[in-house]
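The values are calculated or read from the model by the stated rules, or taken from the named source; none is laboratory data. Quick caveat, the model's predicted, so the values are computed rather than measured. Here the Cβ positions follow ideal geometry from the backbone for every residue, glycine too, while neighbour counts run over all protein chains shown. With ligands, DNA and RNA removed, areas are computed over all heavy atoms of the protein, side chains included. Shrake-Rupley method; radii C 1.70, N 1.55, O 1.52, S 1.80 Å.
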Amino acid sequence: MNSIELKVNHSGIVTLAKIQDDRDGNLIIANALKEIPFEIKRVYYINQLENSVSIRGKHAHKKCEQVIFCISGSFLLGLDDGKVQQKVLMNKDNIGIYLGPMLWHTMEDFSAGCVLLVFASDYYDESDYIRNYEDFIRLTK
Ligand code: T46
């Protein structure tokens, strides 16, 4: 069970199976086109987040779909569909958030040892980013 209630459009909760057996550690599995609702073309991770007051993200994508996880520690994920905004505490290694196109997102308030893992439907393409908030709001109208 998870306690996240999403209120913004273009978002969703992705829950991965977690195997905990009588050995040490957790084994967490992500399958493309199953829990991850697209073909995965790119995986990236963000670590060494040593400045808890920094803010990453601050953009939306035109087409790229992503699922973001916090696989260690915690951070606050800000979501904004142009009408509704919400903040989601990311602190479960097997519960991610689907970031659909046209969803403004921010990542902040990183704990010590926080590691973000992201699956993306496309290769990196700067022209897919909307990095100006006024442009984003205009495009959502
Ligand atoms: C996102 C959030 C969740 C690349 O060259 N290739 C890549 O695949 C990525 C992801 C980034 N870059 C370059 C582009 C910038 O010059 O790395 C630099 C930092 O990227 P950015 O400022 O977009 O990083 P974040 O942490 O703000 O955002 C990242 C992803 O870029 C973005 O797509 O949705 O994580």
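Which of the residues spanning the stretch 108-134 are open to solvent by 60 Å² or more (accessible area, probe 1.4 Å) and either more than 14 Å from K62 (Cα to Cα) or not small (G, A, S) (or both)?
Going through the stretch 108-134, the residues open to solvent by 60 Å² or more (accessible area, probe 1.4 Å) turn out to be 109, 112, 123-127, 131-134.
Answer for the stretch 108-134, where residues must be open to solvent by 60 Å² or more (accessible area, probe 1.4 Å) and either more than 14 Å from K62 (Cα to Cα) or not small (G, A, S) (or both): D109, A112, Y123, Y124, D125, E126, R131, N132, Y133, E134.
Test S54 against the stated conditions and say whether it is among the hydroxyl-bearing types (S, T, Y) and at pLDDT 95 or above.
Answer is no for this residue.
Name the residues in the stretch 21-47 that are open to solvent by 80 Å² or more (accessible area, probe 1.4 Å), assigned to a strand (DSSP E or B) and without any contact (Cβ under 8 Å) to a residue 24 or more places away in the chain, would you?
L27
Tell me which residues, restricted to the stretch 48-107, are in a strand (DSSP E or B), open to solvent by 20 Å² or more (accessible area, probe 1.4 Å), within 23 Å of S121 (Cα to Cα) and charged (D, E, K, R).
R56, K58
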